[in-house]
Every structure is written in structure tokens, then in C-alpha cells.
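Only one structure is covered here, and it is reproduced in the block below.
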Amino acid sequence: MTVSRQGTHLNPLTPPDINPVTAAGGAVPLFAKRNVTHVTQPMMPPLAEYIPYLETIWENRWLTNSGPFHEQLEGALAEYLEVPHISLVSNGTTALWLALLASRVSGEVITTPFSFVATAHALRLIGATPVFVDIDPETCNLDPSQVEAAITDRTTAILPVHCYGFPCDLDALEAIAEAHDLKLLYDAAHAFAVREQGRSVLARGDMSVLSFHATKVFNTFEGGAIVSANRAAKQRIDRLRNFGFIEDTILPTVGLNGKMNELQAAFGLLQLRYVDGAIARRAQIAARYREALSAFPGITLFPVSESSTPNHSYFPIRVAEPCPGGRDGLWRRLEAAGILARRYFHPLICDMSGYRHLPSAQAPLPVARRMAGEVLCLPLHPGLSEAEIDRTIDIVRSG
Ligand SMILES: *Cc1c(COP(=O)(O)O)cnc(C)c1O
């Protein structure tokens with residue numbers, strides 16, 4: 001997701017001899033209070049619990065290249081997420097790029113216009129052409145019937161997104177991929193720990209890609225991972241993320257530097273202790289919103305799926321008349337009150353200048369375009385106060 005505020009965190013002019021964390025007396029969190037409510041906020045475990053990890057890293061002098069914390073986190077995440085093979089990488093975009101490279105995807109790839117730009121960027125980076133098809137209004141995920149209709153001789157893969165952590169129509173997509181001999185790679189950046197019918201959505205398809213960016217449910221500052229269905233695929237990814245090396249003189253293919261470092265991996269291990277609590281708190285907040293905003297004129301909530309276990313990564317609502325000014329009207333009223341709800345995903349990827357020229361970007365895509373004009377994601381993160389939740393609800397309800 002875009003996070004324009006990230007760039008404003010540190011004043012680049014802060015002199016190096018002033019520690020910005022302790023300058024205010026040590027007790028004042030540096031960025032916490034600006035009387036603004038963000039749509040999300042990084043989950044930060046207690047600093048004191050991170051220090052012993054740092055001490056170990058300093059003792060080991062092992063900073064990157066499959067260090068001990070890296071190996072521990074791969075194991076711990078595979079177990080936590082109930083997936084067979086996982087490769088940690090430097091960020092979610094690199095994870096997408098590596099997954100596509102490792103799967104030898106080329107030609108045309110069917111994907112969704114209703115996502116963060118990284119989904120389509122990864123396709124462009126490997127020289128593939130994104131083919132945008134329309135989405136399902138109940139989940140904002142690829143509509144399988146549209147996928148089938150878009151397959152050509154040049155199609156090699158499908159790249160769906162579990163938008164907002166809502167599971168895609170897994171069975172239908174798998175059937176299409178199998179019938180047409182296509183790779184099925186999921187952008188699961190929103191779907192950490194999401195299950196469908198008791199089973200991790202990350203264990204479906206050929207590969208799933210996670211983002212551990214600061215704003216996601218589980219973060220390692222920056223970071224990401226690729227879940228692969230078999231050992232050979234994991235091995236291919238592990239080589240590609242390290243320039244393509246098999247051994248230090250054996251380099252059969254061109255890879256990139258996509259490695260996760262030890263500071264990130266240690267933070268991930270610590271974060272893993274807190275993630276269940278964070279998701280539980282997200283669930284409480286989502287339930288508050290749902291109760292307060294259901295059956296409210298102009299506001300449509302997304303249906304709750306009985307078969308899936310959500311992670312409550314986002315709380316999207318659809319806004320239309322009679323809510324005054326529709327979605328953008330409400331977005332501005334919230335902003336005026338210091339509540340920065342986000343219009344994920346507006347504009348559609350296919351309407352951005354780098355993509356508008358593509359043939360599939362000219363298609364009507366009626367559902368995606370309607371959603372891009374109606375969806376608003378309300379603030380949802382474990383650090384939200386009751387007052388912030390109440391204020392958000394009041395403004396939405398005040399019309
Ligand atoms: C966050 C996100 C990404 C990119 O992940 P980074 O770790 O920020 O590179 C990719 N796809 C989707 C859907 C995302 O939300």
C-alpha cells in the first residue's frame with residue numbers, strides 16, 4: 001500500500017549528535033502524537049525486547065546472507081502459517097518479482113486492476129504484459145468468469161490478489177489454471193494468516209507472495225516472503241534472491257539481491273509473539289465498525305465470509321449517495337477531522353499513466369471502476385484508541 005507519510009518520519013536535517021528518540025526526554029514517542037489518525041500504523045513490540053536480539057547480532061557479526069535469525073524466522077513462519085516452504089526476501093515487490101522469475105512467467109498474465117501498483121509493476125519488470133480483468137463486487141477479487149474469457153495463446157499465468165485479505169475464489173481459479181496449464185501465483189500481501197475452510201490461503205496455487213512492509217499486519221520494517229508448493233521451487237527462489245548463485249563460482253542464471261537481513265528477521269521473530277494479539281484487537285475494532293455502520297444509508301459493508309478466518313488487515317466500506325458527496329465527500333470530512341482514511345484502490349492501476357496504453361486498460365471493467373469510486377478504508381490498527389474509533393464512527397454516521 002502507498003504510505004506517503006513514511007517519507008516524512010525523519011527530519012533529514014536532524015544533527016547526528018541529537019538522538020531524536022531520546023531528545024524529548026526519552027519518554028515521548030517520536031512520531032506517535034500529531035493528532036492525526038492514520039489508516040494504519042506499524043506494530044512495534046517493546047523496544048527492550050528487541051535489544052537482546054541486537055546484542056546477539058553484534059556478537060555474531062552476521063548481518064545478512066541466511067544468518068541464524070533469518071533461518072529461525074523461515075522455520076517459525078512456515079510453522080505459524082502452516083505452509084511447506086517459505087523464502088524470506090527484502091520486500092513484497094521483490095518477492096513478486098522473484099516469484100515470477102522463478103516460475104518462468106512471460107507473455108501475458110491475467111491480473112486485477114484493483115490492487116496496489118506493485119502487483120502490475122512486477123509483471124512489467126519481468127517483461128510480461130498485464131491483462132486486466134474485472135473483479136467480483138463482494139470481494140473485490142478477480143472474477144473467475146472474466147479470467148477464463150481473457151485467456152489467449154500468449155497467457156502463461158494468473159496473478160490474483162487476496163484484496164483486503166478476502167480470499168479469492170480459490171477453487172475456481174485453480175480449475176482454470178489447471179485446465180489451461182497456467183501458473184497460479186497469488187499476491188497475498190494482505191493475507192498474512194488468512195485461512196479458507198480451515199486451511200491457509202497461502203498454501204494454494206503454485207506460489208503466494210507476502211509483504212512485511214511497516215504498514216502490513218505483520219512487519220519486518222520492510223520485508224516479504226514467497227510461499228512455494230515444493231522444495232525445488234523454494235530452492236530456485238533462494239538462488240535467485242542471491243544473484244542466482246548456486247555456489248560461489250556456479251552462476252547458471254541471472255538473479256538479483258533480494259535478501260532479508262538479520263535485523264529484519266530478528267524483528268520478525270519478536271513480532272510473531274505479538275501478532276495473534278494484534279489480529280484479535282483488529283477483530284474487536286472491525287466488530288465495532290460493523291455494528292455501528294451496518295444498515296446505515298449510503299454505506300455498504302462487505303459481507304462476512306462464513307468459511308474464512310480473516311486477519312482484519314483493512315476495513316473497507318462502500319460509500320455512495322445519500323451520503324453527501326459520496327465517497328470523496330466522506331473522505332474529505334474525515335480528513336478535515338484529522339482522520340486519514342484511504343481510497344484503496346483509487347485510481348485503478350490500469351488508469352495510471354504507465355498502464356493506460358495497454359489494450360486491456362481500455363476495457364470497461366465496470367465493477368472495478370465502480371469500486372474505485374466507492375471504496376474507503378477506515379483506520380484499523382491495534383494502536384487505535386477508543387476515542388479515535390468513536391470519532392471515526394461519528395463522522396461517518398453524521399453524513
Ligand atoms: C504492500 C503491497 C505490495 C508491495 O509490498 P512491499 O513490501 O511494499 O514492496 C504488493 N501488493 C500489494 C497488494 C500490497 O498491498
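None of the figures in this text is laboratory data; all of them are computed from the coordinates on show. Here the structure is a predicted model, which is why all the values come from computation and not from measurement. Here the Cβ is made from the backbone with ideal geometry for all residues, glycine too, and neighbour counts use every protein chain on show.
Annotations for the structure displayed:
- Cα gyration tensor of the range 164-274 - equivalent ellipsoid semi-axes, whole Å, descending: 25, 22, 10
- Under the span-like rule (Cα at least 27 Å along the axis, Kyte-Doolittle mean at least 1.6), DSSP H helices of the chain: none
- Charge context of residue 64, other residues only, Cβ under 9 angstrom, K/R +1, D/E -1: 0
- Nearby aspartates and glutamates by direct alpha-carbon distance to residue 183 (threshold 20 angstrom, same-chain neighbours under 8 apart not counted): 108, 134, 143, 148, 153, 169, 171, 174, 206, 238
- Residue 318 sits among other residues whose Cβ lies under 15 Å from its own Cβ, and their net charge, with Lys and Arg +1 and Asp and Glu -1, is +1.
- Largest-first ellipsoid semi-axes for the range 314-399, taking √(5λ) over the Cα gyration tensor eigenvalues, angstrom: 29, 14, 10
- Across the alpha-carbon atoms of the range 135-174, the computed radius of gyration and Dmax are 10.4, 31 angstrom.
- The spacing between the range 236-315 and the range 104-174, judged by their C-alpha centroids, is 19 Å.
- Dipole in debye (nearest 20) - the range 266-399, about Cα centre, beta carbon charges: Lys, Arg +1; Asp, Glu -1: 220
- Mean Cβ count within 10 Å, highest first, over the residues of peptides 308-317, 35-44: 308-317, 35-44
- Listed residues 133, 109, 304, most fluctuating in the chain (Gaussian network, C-alpha, under 10 Å): 304
- The range 83-172 shape via C-alpha gyration tensor axes, a/c threshold 1.5: oblate
- Descending Cα extents along the principal axes, the chain, whole Å: 66, 61, 42
- Cα-Cα separations in the range 147-197 greater than 15 Å, expressed as whole percent: 46
- Estimated D of the range 50-204 in µm² per second, where Rh is the Kirkwood radius over Cα pairs and Stokes-Einstein applies at 20 °C, 1.002 mPa s: 127
- Shape class for the range 240-394: oblate, because the ratio a/c of the largest to smallest gyration tensor axis (alpha-carbon atoms, square roots of eigenvalues) is 1.5 or more and b/c is at least a/b.
- Shape analysis of the range 27-136 places it in the oblate category; the axes a ≥ b ≥ c from the Cα gyration tensor give an a/c of at least 1.5, with a/b not above b/c.
- The charge dipole of the range 36-193, taken about its Cα centre with unit charges on the Cβ of Lys, Arg, Asp and Glu (plus for the first two, minus for the last two), comes to roughly 680 debye.
- For the residues 48, 292, 372, a GNM of the chain with alpha-carbon springs under 10 Å puts the largest fluctuation on 48.
- Those Cys residues of the chain for which no other cysteine Cβ falls under 4.7 Å: 168, 323, 350, 377
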